[in-house]
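Undergrad: After the structure tokens below, expect a handful of questions from me.
The values are calculated or read from the model by the stated rules, or taken from the named source; none is laboratory data. This one's a predicted model, so the numbers in the text were calculated from it and none came from an experiment. Counting neighbours? That spans all protein chains shown, and the Cβs are built from the backbone with ideal geometry, glycine included. Note: areas computed on protein heavy atoms with side chains; ligands, DNA, RNA excluded. Shrake-Rupley method; radii C 1.70, N 1.55, O 1.52, S 1.80 Å.
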Amino acid sequence: MELREKTSPQGAYCQDFATFKQLYRFVERGLMRLPISAYTVLLTLVDDRKQFVTLQDREYLMEKLGGTICASLRSGDVYTRYSSCQYLVMVSDVDNQNAELIANRISETFYAETAAIKDKLLLHHCYPLKPVKIYVYLALT
């Protein structure tokens, strides 16, 4: 009972980067045995020149983007703030097309919520997770 959540989860699971990395490695290991798929999506907030947004808008926009990600994903998905202008998302049981749809849904919602601020773009890249490769080293004698 100590391990279980006390309340019903709402939205995606936000974690610090170190914890996200551990969850990523856990999923990689699971892919060795289970017939599932998982993707990471890197979301980068830039201006129309593909430079990071100004400092005056950055914190507000990143807070909005974090809220959009949380509300747009399932409670079993996880995300983290990766840098001052990036979030990293991990979704499971999706293919490349669905990962793209998820990224586009986040973008559309984010644009609608921040329509008053001009000169912002949200770039995304989807990467499939691969099972961990086990390397066997033979000792030569």
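Undergrad: Look at Leu122 and say whether it is within 30 Å of Gly30 (Cβ to Cβ) and open to solvent by less than 60 Å² (accessible area, probe 1.4 Å).
TA: Working: within 30 Å of Gly30 (Cβ to Cβ): yes; open to solvent by less than 60 Å² (accessible area, probe 1.4 Å): yes.
Answer is yes for this residue.
Undergrad: For Asp119, all conditions in the list (1) in a helix (DSSP H, G or I); (2) more than 25 Å from Ser37 (Cα to Cα) hold save one; what is the number of the exception?
TA: Every listed condition holds for Asp119 apart from (1).
Undergrad: For region 41-86: of the residues being over 13 Å from the mean Cα position of the chain (by Cα) and among the β-branched types (Val, Ile, Thr), which is nearest to Leu129 (Cα to Cα)?
TA: Per the stated criteria, the residue is Val46.
Undergrad: Then there is this: Can you say whether Tyr111 is open to solvent by 50 Å² or more (accessible area, probe 1.4 Å) and either without any contact (Cβ under 8 Å) to a residue 60 or more places away in the chain or in a loop (DSSP other than H, G, I, E, B) (or both), as far as the supplied structure shows?
TA: On the way: open to solvent by 50 Å² or more (accessible area, probe 1.4 Å): yes; either without any contact (Cβ under 8 Å) to a residue 60 or more places away in the chain or in a loop (DSSP other than H, G, I, E, B) (or both): yes.
Spelling it out, Tyr111 is indeed open to solvent by 50 Å² or more (accessible area, probe 1.4 Å) and either without any contact (Cβ under 8 Å) to a residue 60 or more places away in the chain or in a loop (DSSP other than H, G, I, E, B) (or both).
Undergrad: Please specify each residue of region 1-29 satisfying the condition of being among the aromatic types (Phe, Trp, Tyr) and open to solvent by 90 Å² or more (accessible area, probe 1.4 Å). Walk me through it before giving the result.
TA: Looking only at region 1-29, we keep the residues that are among the aromatic types (Phe, Trp, Tyr), and these are 13, 17, 20, 24, 26.
Tyr13, Phe26 - these are the residues of region 1-29 that are among the aromatic types (Phe, Trp, Tyr) and open to solvent by 90 Å² or more (accessible area, probe 1.4 Å).
Undergrad: Follow-up question, since we're still on this one. Check whether at least one residue in region 22-38 is at pLDDT 95 or above and in contact with a Cys (Cβ under 7 Å, 6 or more places away or on another chain), and report yes or no.
TA: So far as region 22-38 goes, no, none of its residues is at pLDDT 95 or above and in contact with a Cys (Cβ under 7 Å, 6 or more places away or on another chain).
Undergrad: Here is a further query. Just the residues that are part of a loop (DSSP other than H, G, I, E, B), buried (at least 16 other Cβ atoms within 10 Å of the Cβ) and not acidic (Asp, Glu), please, taken from region 30-84.
TA: Initial filter on region 30-84 (part of a loop (DSSP other than H, G, I, E, B)): 31-37, 47-51, 53-54, 73-77, 84.
Checking which are buried (at least 16 other Cβ atoms within 10 Å of the Cβ) leaves us with 31, 37, 53, 73, 77.
Across region 30-84, the qualifying residues are Leu31, Ser37, Val53, Leu73.
Undergrad: Please find, among Val89, Val94, the residue that is open to solvent by less than 60 Å² (accessible area, probe 1.4 Å), within 19 Å of Pro131 (Cα to Cα) and either modelled with pLDDT under 90 or part of a loop (DSSP other than H, G, I, E, B) (or both).
TA: Numbers: Val89 fails: either modelled with pLDDT under 90 or part of a loop (DSSP other than H, G, I, E, B) (or both).
Step by step, each of Val89, Val94 is checked, and only Val94 is open to solvent by less than 60 Å² (accessible area, probe 1.4 Å), within 19 Å of Pro131 (Cα to Cα) and either modelled with pLDDT under 90 or part of a loop (DSSP other than H, G, I, E, B) (or both).
Undergrad: Next up: Considering only residues that are part of a helix (DSSP H, G or I) and either among the basic types (Lys, Arg) or without any contact (Cβ under 8 Å) to a residue 24 or more places away in the chain (or both), which ones fall in region 1-29? Spell out the reasoning first.
TA: Our first condition is that a residue be part of a helix (DSSP H, G or I); within region 1-29, this holds for 17-29.
Passing the criteria: Ala18, Lys21, Gln22, Arg25, Phe26, Arg29.
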